[in-house]
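Have a look at the structure below before the remarks.
The values are calculated or read from the model by the stated rules, or taken from the named source; none is laboratory data. Bear in mind that the values here come from a model prediction, so they are computed numbers and not experimental data. No Cβ is skipped: glycine too gets one built from the backbone with ideal geometry, and neighbour counts run over all protein chains shown.
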């Protein structure tokens, strides 16, 4: 998939799916289906217009790009969103961006999509423009409620990664660089790859999860290690099953499949080791016992 900054886009006939698409969930995928181009904004408009109320995001631009690419889209056009861009009226956005710059022949949006200064642009405004065909995709529902990025954020921060995966269309992904730790996991017999969550992104609730890291199953702890009472900051510690090697400095993608338990404080190291062994066994049972 080609990644294009708006200022570098060459006009050509494009079928465009338009939106922020945080998480690229099943509702977003319905909007994207059948289009060759996705137009999105970076950073998230809320981070520019309402920074104090801006939500933590489900995906960085890198992960969002990866997810969109996996849908077979040919091109991702990224709009650098700032206060100057936000001053464009809805009509100016249609004229300058969709038509003059990108050559849109089809534009797909979700029912609730708004655009332009003060969110003045509506789906009706797009639908009445004769220069392209507009497709307004109805909201997607699951379990009697609308699928939305905000709903998925709530599920993940509550630790319900299984339900979140149903709404996302696949397991929630977290990506980061492996950083050195205090070697405590290695001393306990469970060496972990440690990731520091990005402050602007959603992180699952404290607890232990069955995950996948590449081809490997992994038992992953999210939390602050209360048994040791060392006051460490939030850390994601991934024990990769059937793996031996040095991962320091490497970028890992952790896919959260299921929550095994909440974070606990144990009476001693032996009790912790026993529980960690059970977590690993439970991970194998959930994800399959085949060695990667």
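Structure notes:
- Residue match in the stretch 253-265 (condition: over 22 Å from residue 158 (Cα atoms) and either modelled with pLDDT under 95 or within 25 Å of the chain's Cα centre (by Cα) (or both)): no
- Only one of the numbered conditions (1) farther than 20 Å from residue 262 by Cβ; (2) surrounded by fewer than 17 Cβ atoms within 10 Å (Cβ to Cβ); (3) more than 17 Å from the chain's Cα centre (by Cα); (4) in contact (Cβ under 8 Å) with a residue 12 or more places away in the chain is not met by residue 214, and that is (3).
- The stretch 267-290 residues that are at positive phi, paired with ones that are at pLDDT 90 or above (beta carbon under 9 Å, 6 or more apart): 288/217
- Selection of first residues in the stretch 232-253 that are closer than 11 Å to residue 177 by Cβ and not assigned by TED's automatic domain parsing to the domain that holds residue 210 and of second residues that are modelled with pLDDT of 90 or more and surrounded by 16 or more Cβ atoms within 10 Å (Cβ to Cβ), restricted to Cβ pairs under 9 Å at least 6 apart or on distinct chains, gives an empty result.
- The number of residues in the stretch 250-289 being part of a helix (DSSP H, G or I) and touching a helix residue (DSSP H, G or I) at 6+ places or on another chain (Cβ under 8 Å) comes to 4.
- Qualifying strands (runs of 3 or more DSSP E) (wholly inside the stretch 78-196; at least 2 residues being under 25 Å from residue 18 (Cβ atoms)): 104-110, 133-137, 172-177
- Screening residue 48 on (1) surrounded by fewer than 17 Cβ atoms within 10 Å (Cβ to Cβ); (2) within 26 Å of residue 134 (Cα to Cα) shows it passes everything except condition (2).
- Residues satisfying the stated conditions in the stretch 57-77, i.e. without any contact (Cβ under 8 Å) to a residue 60 or more places away in the chain and part of a loop (DSSP other than H, G, I, E, B): 70, 71, 72
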